[in-house]
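Bear in mind these aren't lab numbers, they're just calculated from the coordinates by the rules spelled out. The model shown is predicted, which means the values in this text are computed figures rather than measured ones. Reconstructed Cβ throughout: ideal geometry from the backbone, glycine too, with neighbour counts over all protein chains shown.
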């Protein structure tokens, strides 16, 4: 007879063959751990979006093409945006109400949408 092991603590499971946890506590602990991890990732992403927004706002209407290396030094995350679309060969991104075009080396045409 095959013995299953708890998905959280690894202890042997007795009872039904389709049980995944040895106890309600382990089930709750695993679900709480997953929720904490999700909340941490969500919070980190929101923080990056807020930083991106503040950086873009600094450059809005001031400079045409800003090298990504300059933005990286300020903490800008080019892979994080709130909207993305392609128009021909152009990558157009949004960070909330700021729209910009993204190339491999720079961002340009930064504008505030009303």
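Defining a contact as two alpha carbons under 8 Å apart and six or more residues distant in sequence, what relative contact order in percent does segment 24-112 show?
Numbers: 103 pairs, mean separation 23.5, N = 89.
Relative contact order here is 26 percent.
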Identified option (computed Rg/Rh (Cα atoms, Kirkwood Rh); candidates [x] 1.84; [y] 0.93; [z] 1.32)
[z]
Applying 1/(1 + (r/R0)^6) with R0 = 30 Å to the Cβ-Cβ distance of residue 84 and residue 30, what FRET efficiency is obtained, to the nearest 0.05?
0.30
Across 71, 30, 51, the residue with the highest GNM fluctuation in the chain (Cα network, 10 Å cutoff) is 30
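Efficiency by 1/(1 + (r/R0)^6): what FRET value for residue 4 and residue 37, r their Cβ-Cβ distance, R0 = 25 Å, to the nearest 0.05?
Numbers: r = 24 Å, r/R0 = 0.96.
Using R0 = 25 Å, I get an efficiency of 0.55.
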Listed residues 36, 16, 85; largest mean-square fluctuation, Gaussian network over the chain with Cα springs below 10 Å, found at 16
The chain: most fluctuating residue of 88, 65, 75 per GNM, C-alpha cutoff 10 Å:
88
How much length would be gained if the chain were fully extended between residue 48 and residue 64, taking 0.36 nm per residue of separation minus their Cα-Cα distance, in nm to one decimal?
3.5 nm
